[in-house]
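Encoded as structure tokens, the structure appears first; notes follow it.
We did not get these values from a lab; they are worked out from the coordinates using the rules stated. Computed from a predicted structure; not experimentally measured. Ideal geometry is used to build each Cβ from the backbone, glycine not excepted, and the neighbour counts take in all protein chains shown.
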Amino acid sequence: MDANRLQHLPPVNEVLGTPTGRDLLGRFRREFVVRAVREALQEAREALLAGGEAAPGPDELAAAAQARLSAIAGSGPRRVINATGVILHTGLGRAPMPAGWVRTGYCDVEIDRATGERGSRQDHLREPLRWLSGAEDALVVNNNAAATLLAVDTLARGGEVIVARGQLVEIGGSFRMPDVIEASGARLVEVGTTNKVRAQDYLRAATERTALILQVHPSNFRLVGFTEAPDTGELARVAEELRVPLVYDVGSGCLFDTQSIAGLEAEEREPVVAEAVEAGADVVCFSGDKLLGGPQAGILVGKRGYIGAMARSPLARALRVDKMVLSALGHCLEAHLRCDEGGQPPAERLLRHDAERLRERAEALCAKVRAALPEARLSVEPGLAAPGSGSLPATGLPSWRVALSTDRPEAVARALREGEPGVFPLVRKGAVLLDMRTVLDGEWEELAQALMNLVRLRPG
Ligand SMILES: *Cc1c(COP(=O)(O)O)cnc(C)c1O
């Protein structure tokens, strides 16, 4: 080690005195600028000790400090382009939302306009949720995991919850039905076998401690072949006989018949919230950011007595949603009340995209990039997009992709992801694929630009 070389590093004050350093001092608090410079100096010191050649000068160190501060000050999720073809991609924030759905400034989230007294934040969306689901009452919480927890905790704490073995599912991100039931202080009673369960199984498992029957939609997997389970109507009759509520976790919160979507497999269908209510479930819960197409939220609809009991639970306060979520969800519900095509939530529009239009878009994108860079190795090919987030898991939606041939697909994909805005593609051996189904209307220019930058940087 050559200790002398360390002495070539400039002192903090000299770095602060550079044009970049002075600019940083004009924009950020001094203590944080000094800290960023110290960290840049420490990194340079370590590089020298590890055998690095030249000591960086004050301007270079100021630039390094600037990069650090900008990264920290610009934290939080950034906008990206989803070219994976997975519409409800949990890593990319599930349902995409338009800017107009976000409320800024003050709002009347919890106040009564007539009296000026404190009101309830749950009043805003009760009516649209009642109209859309046919239920008597509604409650919005943080997510569907919270909704399930609140339902079981309020209606079954200290008692027994009967669930079919084939419905004890794990949903991504370590949400396991048995754990949720345990966390809410109820005892889980499993009935049936993995593939078969009958109404009789529920009746036989009942004791005087039975508090609730829970039906769970096995979102992300399919049981096929020799299977049987009572439908919601049958379970509702069992629950009535046992004088306990039936709670149905339908998962995706679909308000429309998914069989109306072109290209879907005929036998695959998501439960529709209004049908679950109509069939007799006392409480139905679902996510806000899956097929509903809104912000992260958990929605409970059902009989007034049960919803009211949940709203009064101390847990409800801990699980409550913010004004921004209520505002976005309000816009999303309005979109479901409308009939004009442009009015649908973006996630539903993506589901209903016409595949032929996607092919035209893929070809236009290819042509644009090729016009600027004839050497680009691009082609257009068909593929299957997916609803995602456990919805309709066996289904592929016909789609079209732009394929960029490359020997280093992983490196190319990484460069795309790390761009601004980031582009998230699919990676295959020998190619990077951009699925057109999930690219939003305003993103075509940027996507073409990202591809052109890439081809310029990495010919071949
Ligand atoms: C997705 C899902 C959940 C979890 O919903 P979050 O809103 O992500 O908390 C719970 N139950 C079912 C059946 C699901 O599909």
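What the phi angles of the range 206-218 give under the Karplus curve with 6.51, -1.76 and 1.60, with θ = phi - 60°, is a coupling list of 6, 10, 6, 8, 4, 10, 6, 10, 10, 9, 10, 6, x Hz, glycine and proline written as x. For the range 99-344, what does the alpha-carbon gyration tensor say about shape, rounded, prolate or oblate, given a ≥ b ≥ c as the root eigenvalues, a/c under 1.5 as rounded, and a/b over b/c as prolate? Here the range 99-344 falls in the oblate category. Name the shape class, rounded, prolate or oblate, that the alpha-carbon gyration tensor gives for the chain, where a ≥ b ≥ c are the square roots of its eigenvalues, rounded holds for a/c under 1.5, and otherwise prolate holds if a/b is larger than b/c and oblate otherwise. In terms of gyration-tensor shape, prolate.
Spherically averaged projected area of the convex hull of Cα atoms, the range 3-73: 4.3 nm².
Over the chain, Cα pairs under 8 Å with separation of 6+ residues give a relative contact order of 18 percent. With each label modelled as a point 7 angstrom along the Cα→C-beta vector, the residue 339-residue 379 pair spans 4.6 nm.
Helix 30-49 axis versus longest C-alpha principal axis of the chain: approximately 70°, rounded to the nearest ten. Per residue, the convex hull spanned by the Cα atoms of the range 319-460 measures out at 148 cubic angstrom. By DSSP, the beta bridges lying fully in the chain are antiparallel in about 60 percent of cases.
Per residue of the chain, the DSSP helices (runs of n ≥ 4 H) give a summed -39500 (n - 2.57) that works out to -12000 deg cm²/dmol at 222 nm. Helix 444-457 and the longest principal axis of the C-alpha atoms of the chain enclose an angle of approximately 40°.
With contacts taken as Cα pairs under 8 Å at a separation of at least 6 residues, the range 184-282 carries a relative contact order of 29 percent.
Centre-to-centre separation between the Cα atoms of the range 1-80 and those of the range 296-341: 47 Å.
Per residue, how big is the convex hull around the C-alpha atoms of the range 312-358? Give it to me in cubic angstrom, could you? Mind dumping the intermediate values first?
Values: hull volume 5.1 nm³, N = 47.
Hull volume normalised by residue count: 109 Å³.
Restriction of the chymotrypsin sites (Phe, Trp or Tyr not before Pro) in the range 182-250 to DSSP coil positions whose beta-carbon has at most 10 other beta-carbons within 10 angstrom yields 226.
Nearest 10 degrees, 0 to 90: what angle lies between the long axis of helix 355-372 and the longest principal axis of the chain (Cα atoms)? The two axes meet at around 0 degrees. A DSSP coil position with no more than 11 other Cβ atoms inside 10 Å describes the following chymotrypsin sites (Phe, Trp or Tyr not before Pro) in the range 95-194: 106.
Which whole-number percentage describes the relative contact order of the range 1-88, with Cα contacts under 8 Å and a sequence gap of 6 or more? It rounds to 37 percent for the range 1-88.
The GluC sites (Glu not before Pro) of the range 380-460 that meet both conditions, a loop assignment by DSSP and at most 12 other Cβ atoms within 10 Å of the site Cβ, are 418.
Quick one: if you stick a label point 7 Å off each Cα along the C-beta vector at residue 75 and residue 13, how many nm between them? The modelled label-to-label distance comes out at 3.2 nm. For the range 99-344, the share of DSSP beta bridges that are antiparallel, to the nearest 5, is 45%. With the convex hull drawn around the C-alpha atoms of the range 214-371, the volume per residue stands at 169 Å³. Since only 183, 288, 342 are under comparison, the one whose Cα sits farthest along the positive direction of the charge dipole of the range 99-344, derived from C-beta charges on Lys, Arg, Asp and Glu, is 183. Would the range 166-238 count as rounded, prolate or oblate if I go by the C-alpha gyration tensor, calling it rounded below 1.5 in a/c and otherwise prolate when a/b exceeds b/c, oblate otherwise? Oblate, because a/c is 1.5 or more while a/b does not exceed b/c.
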